[in-house]
Amino acid sequence: MLNVDEAFEEIISNVSVINESEKTDIFNCCGRILFNDLIAGINIPSQNNSAMDGYAIISDDIVNATPDNPVCLKIIDEIQAGHELNNEKLTNGHAIRIMTGAPIPDGADCVVQFEDTEEIGDMVNIYKKPAKHENIRFAGEDIKKGEIILRRGTRIDSAESGLISSLNIKEFLVYKRPKAGIISTGDELTEPGEEYTGKTINSNAYMLYSEIKKYGGDPCYKGIVSDNYENVKKIFLELMDNDIIISSGGVSMGRYDFIPDVLKDIGIDIKVHKVLMKPGKPVIFGTYGSKLFFGLPGNPVSVMVSFMQFVRPALLKMTGNSKILKPVIKAQIKEDIIKKKGRKNFIRGIFTVENGMPVVHTTGPQGSGILTSMSAANCLIILSEEVEVIKNGEYVDIQLTGHIEI
């Protein structure tokens with residue numbers, strides 16, 4: 001039986017990037033992964049422009065300007081944002097009224113803001129000397145033409161979509177989403193919305209569906225499969241056109257836990273079976289060529305934790321993402337925790353900040369069927385295999401579950 005780190009390395013080492021692209025646009029790109037380096041075709045800003053509403057001037061004209069001894073210049077023009085320059089040229093003794101974002105006229109080398117001036121007729125008194133180039137944004141100051149702006153493998157979020165659109169790019173290539181088949185096993189299950197008969201309502205499939213979409217996959221749910229060997233095998237074979245197949249339930253040692261035998265029967269090379277972790281010990285991972293197979297436990301919290309530790313990073317790597325690890329930080333525990341040696345524990349927790357420092361406490365009872373505790377958590381408290389007791393006030397590692405990968 002492997003420990004968590006060994007299982008992670010075994011899984012990740014067997015994941016291949018799906019090196020295929022598809023086109024997306026700036027309306028549908030969030031969460032997608034760039035397939036190519038993004039190179040700027042223009043300068044940002046495209047030309048020198050004003051960072052303030054004020055007056056474009058020549059700094060040598062106002063070297064002696066003070067609040068008690070203002071320098072008076074003649075206003076000869078006004079330039080608004082979006083204006084195209086038409087041979088406007090500033091000469092000594094003159095000023096041009098200018099708005100934020102407007103292009104800097106030839107001859108001007110700084111902008112004095114309105115607050116440091118007083119306009120009287122066609123003249124302006126300047127009470128403060130700005131430094132040369134003050135309040136000017138230079139062409140290419142943010143982005144230079146030809147510069148690599150975003151690297152292949154970058155996950156696109158809101159800021160990145162704005163950056164891409166600012167470069168006059170509307171469509172571009174991203175990694176193709178891996179197809180992911182989902183099945184739930186168990187005669188005890190029923191689907192949400194059906195007449196309630198006391199059976200267990202299936203939640204795992206819908207958590208998995210949401211998580212797969214969140215992390216870049218294209219999910220397909222095949223429904224509940226009854227506890228029958230041939231039925232389970234039939235469904236797995238039907239899913240073989242997917243890049244990744246994820247099942248929940250049927251991986252333990254029960255009489256009707258058929259998943260391990262079915263995987264072997266259809267030729268899956270099982271590389272991980274059972275991991276020294278709690279919850280999620282019975283997890284299975286196997287490969288068939290480049291296809292990945294994950295057999296997750298049946299309890300909802302076990303599904304979420306094992307998905308987070310193993311399936312999520314595998315999906316991210318498949319989609320070309322250069323960042324696959326969730327952040328782990330230190331936090332001060334606010335209660336005592338007792339556990340058995342032998343397995344790494346992932347305990348649902350809530351972290352906050354007190355006096356500038358992260359603190360954490362558990363969500364309460366940690367049964368692997370208590371899904372409300374997963375919903376309440378914003379982190380997982382990680383306790384190593386050797387730990388038996390953690391005392392109130394000690395520092396522990398916490399994994400930020402709601403945080404974008406770094």
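The values are calculated or read from the model by the stated rules, or taken from the named source; none is laboratory data. Just so it is clear, the structure is predicted and the values come from calculations on it, not from any experiment. Cβ atoms come from the backbone with ideal geometry, glycine included; neighbour counts cover every protein chain shown.
The rows are residues; the columns are (1) assigned to a loop (DSSP other than H, G, I, E, B); (2) in contact (Cβ under 8 Å) with a residue 40 or more places away in the chain; (3) farther than 23 Å from E10 by Cβ; (4) under 27 Å from the mean Cα position of the chain (by Cα).
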position	(1), (2), (3), (4)
M277	no, yes, no, yes
M308	no, yes, no, yes
S322	yes, yes, no, yes
I329	no, yes, yes, yes
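Would you please name the residue that is surrounded by the most Cβ atoms within 10 Å (Cβ to Cβ), looking only at residues in region 284-297 that are in contact with a Ser or Thr (Cβ under 6 Å, 6 or more places away or on another chain) and within 18 Å of Y206 (Cα to Cα)? Checked region 284-297; the qualifying residue surrounded by the most Cβ atoms within 10 Å (Cβ to Cβ) is G295.
Filtered by the rule that a residue be out of contact with any helix residue (DSSP H, G or I) (no Cβ under 9 Å at 6 or more places or on another chain) and in a strand (DSSP E or B), region 289-306 gives a lone residue, K291.
Residues checked against (1) touching a helix residue (DSSP H, G or I) at 6+ places or on another chain (Cβ under 9 Å); (2) over 30 Å from A314 (Cβ atoms); (3) part of a loop (DSSP other than H, G, I, E, B); (4) assigned by TED's automatic domain parsing to the domain that holds K132:
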residue	(1), (2), (3), (4)
N28	no, no, yes, no
A56	no, yes, no, yes
D68	no, yes, yes, yes
K74	no, yes, no, yes
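Just so you know, in region 335-352 the residues that are farther than 12 Å from I381 by Cα and buried (at least 16 other Cβ atoms within 10 Å of the Cβ) include one that is farthest from the chain's Cα centre (by Cα), and it is K339. Among the residues in region 141-159, are any surrounded by fewer than 20 Cβ atoms within 10 Å (Cβ to Cβ), touching a Cys at 6+ places or on another chain (Cβ under 7 Å) and on the phi < 0 side of the Ramachandran plot? Taking every residue of region 141-159 in turn, at least one turns out to be surrounded by fewer than 20 Cβ atoms within 10 Å (Cβ to Cβ), touching a Cys at 6+ places or on another chain (Cβ under 7 Å) and on the phi < 0 side of the Ramachandran plot.
Residue-wise test of (1) acidic (D, E); (2) under 29 Å from M240 (Cα atoms).
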site: S158; (1), (2): no, no
site: S161; (1), (2): no, no
site: D218; (1), (2): yes, yes
site: I224; (1), (2): no, yes
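To keep it simple, each residue is scored yes or no on (1) closer than 30 Å to V174 by Cβ; (2) in contact with a Pro (Cβ under 7 Å, 6 or more places away or on another chain); (3) at pLDDT below 95; (4) of a type in the set (A, V, I, L, M).
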{"position": "D227", "(1), (2), (3), (4)": "no, no, yes, no"}
{"position": "D241", "(1), (2), (3), (4)": "yes, no, no, no"}
{"position": "I259", "(1), (2), (3), (4)": "no, no, yes, yes"}
{"position": "V262", "(1), (2), (3), (4)": "no, no, yes, yes"}
{"position": "V275", "(1), (2), (3), (4)": "no, no, no, yes"}
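Applying a threshold of 9 Å to beta carbon distances and a minimum spacing of six or more residues, or different chains, the list of pairs starting in region 384-405 at a residue that is on the phi > 0 side of the Ramachandran plot and ending at one that is part of a loop (DSSP other than H, G, I, E, B) reads G393/K334.
Listed here are the residues, each with its yes/no results for (1) under 20 Å from F310 (Cβ atoms); (2) assigned by TED's automatic domain parsing to the domain that holds I183; (3) out of contact with any Leu (no Cβ under 9 Å at 6 or more places or on another chain).
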site: D218; (1), (2), (3): yes, yes, yes
site: K222; (1), (2), (3): no, yes, no
site: M240; (1), (2), (3): no, yes, yes
site: D257; (1), (2), (3): yes, yes, yes
site: V262; (1), (2), (3): yes, yes, yes
site: K274; (1), (2), (3): yes, yes, no
site: P282; (1), (2), (3): yes, yes, no
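In region 195-243, which residue that is more than 15 Å from V303 (Cβ to Cβ) and hydrophobic (A, V, I, L, M, F, W, C) is surrounded by the fewest Cβ atoms within 10 Å (Cβ to Cβ)? Result: L237. Taking strands (runs of 3 or more DSSP E) as the structural unit, those lying wholly within region 92-208 and holding at least 1 residues that are over 40 Å from the mean Cα position of the chain (by Cα) and among the hydrophobic types (A, V, I, L, M, F, W, C) correspond to 94-98, 110-113, 117-120, 123-126. When the test is whether a residue is among the β-branched types (V, I, T) and in contact with a Gly (Cβ under 9 Å, 6 or more places away or on another chain), I347 does not pass it. Cβ-Cβ contacts under 8 Å between residues 6 or more apart (or on different chains), taken from a first residue in region 196-219 that is under 24 Å from G320 (Cβ atoms) to a second residue that is among the polar types (S, T, N, Q) and part of a loop (DSSP other than H, G, I, E, B), are listed as Y215/T319; G216/T319; G216/N321; G217/T319. Here's a check for you: in region 87-114, which residue that is over 25 Å from P67 (Cα atoms) and charged (D, E, K, R) is surrounded by the most Cβ atoms within 10 Å (Cβ to Cβ)? Filtering first and then ranking leaves E88. Among the numbered conditions (1) modelled with pLDDT of 95 or more; (2) over 21 Å from D257 (Cβ atoms); (3) among the hydrophobic types (A, V, I, L, M, F, W, C), the only one that A376 does not meet is (1). Put simply, of Y206, Y175 the only residue that is over 30 Å from V262 (Cβ atoms) and among the aromatic types (F, W, Y) is Y175.
Restricting the first residue to region 1-29 and requiring it to be exposed (fewer than 15 other Cβ atoms within 10 Å of the Cβ), which pairs with a second residue that is part of a loop (DSSP other than H, G, I, E, B) and of a type outside the set (F, W, Y) meet a Cβ separation below 6 Å and a spacing of at least six or different chains? The qualifying pairs are M1/K274; S16/S290; E20/K176; E22/K176; D25/K170. For region 77-90, a tally of residues being touching a residue at least 24 places away in the same chain (Cβ under 8 Å) and more than 19 Å from P45 (Cα to Cα) returns 2.
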